[in-house]
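Written out below as structure tokens is the structure these notes cover.
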Amino acid sequence: MRVHYWTGLSALVLSLGMAACSDGDVNQTFPPLDYSYLSQIHLNVASIDVQDEALAAPDSLSAKAPVAPDQALKAMANQRLVASGTSGKADFIIKQAYLNRAGDNVITGAMDVQLNVADAGNQHTGFVHARITHKLDAGDRDPTSRKELYTLTNEMMQDMNVELEFQIRKKLLSWMTDAAGTPLINGGIQQQALGAPGTAPAPAPAPTTPTLATETTAGSTASEKATTPAAAPSVPDAIFPTGSDTEATAAPATQHSPQPGILKLPSIDSTQTH
């Protein structure tokens, strides 16, 4: 009797151990997904409302995951989206967030969100839409274990953080501000560099001419003046009948014989004296 008792107890312990291993260690704890280390996205609105409209699928594995996909999206919105304005509002809407099994060793997931912004009159003025899908092949591990579901959710959130910020900067840049609430386009640094939308960029100041360039220009001008021959005078000069020394050097002049009686040979006495 005791032999049957111990045999049954051993089988029960073994089956529980196998179940625990197949579930990826049920007692294992996982840290909450945190995005406070990422740069915040400041919006020119007074409030941001996070709404979860994702419908739970009957075959979804989201409820089994240590961090459900929609909860991870809420954490991202609360930590990264900041209302830095004095009026208007924004709505962060979770449209879809799920984890599903897609094969023997594969799980897939999808996230779909939308961000709406409205002015003080509660009129819809802009929105962005971000959607990502991801697949994880667990190999020889159990794809439905809590560890694999946590890994897939974490990888999906990395993609969503990149995609959402890209869409906001692309389509809602005019609604972004710095940490002090100054609009990036209408009054921030980007306006000084790029100008406001629809206006031409501010003309660049005229460049200052370097001293070296000025000297080179002056030297070139002087050189041009030196190499350019001056016009010959209309009346012959008394000392240089054919022109000045400079003109003779620059361009050879026509030689003329002097009038008779102007040139004389030196006398014998003067030659002896010298």
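The values are calculated or read from the model by the stated rules, or taken from the named source; none is laboratory data. These figures come from a predicted structure and were not determined experimentally. All Cβ positions, even for glycine, are placed from backbone atoms using ideal geometry, and neighbour counts span all protein chains on display. Side chains included, ligands, DNA and RNA excluded: accessible areas come from the protein's heavy atoms. Shrake-Rupley method; radii C 1.70, N 1.55, O 1.52, S 1.80 Å.
Hey, does region 151-166 have a residue that's open to solvent by less than 50 Å² (accessible area, probe 1.4 Å), assigned to a loop (DSSP other than H, G, I, E, B) and not hydrophobic (A, V, I, L, M, F, W, C)?
No, because not a single residue in region 151-166 is open to solvent by less than 50 Å² (accessible area, probe 1.4 Å), assigned to a loop (DSSP other than H, G, I, E, B) and not hydrophobic (A, V, I, L, M, F, W, C).
Yes or no: region 33-50 includes at least one residue that is open to solvent by less than 60 Å² (accessible area, probe 1.4 Å) and acidic (Asp, Glu).
Checked region 33-50: no residue is open to solvent by less than 60 Å² (accessible area, probe 1.4 Å) and acidic (Asp, Glu).
Here's a check for you: in region 60-100, which residue that is in contact with a strand residue (DSSP E or B) (Cβ under 7 Å, 6 or more places away or on another chain) and among the β-branched types (Val, Ile, Thr) is farthest from Leu149 (Cα to Cα)?
Val82
Here are the criteria: (1) open to solvent by 50 Å² or more (accessible area, probe 1.4 Å); (2) modelled with pLDDT of 95 or more; (3) closer than 26 Å to Gly181 by Cα; (4) touching a Phe, Trp or Tyr at 6+ places or on another chain (Cβ under 9 Å). Tell me which single one Val117 does not satisfy.
(1)
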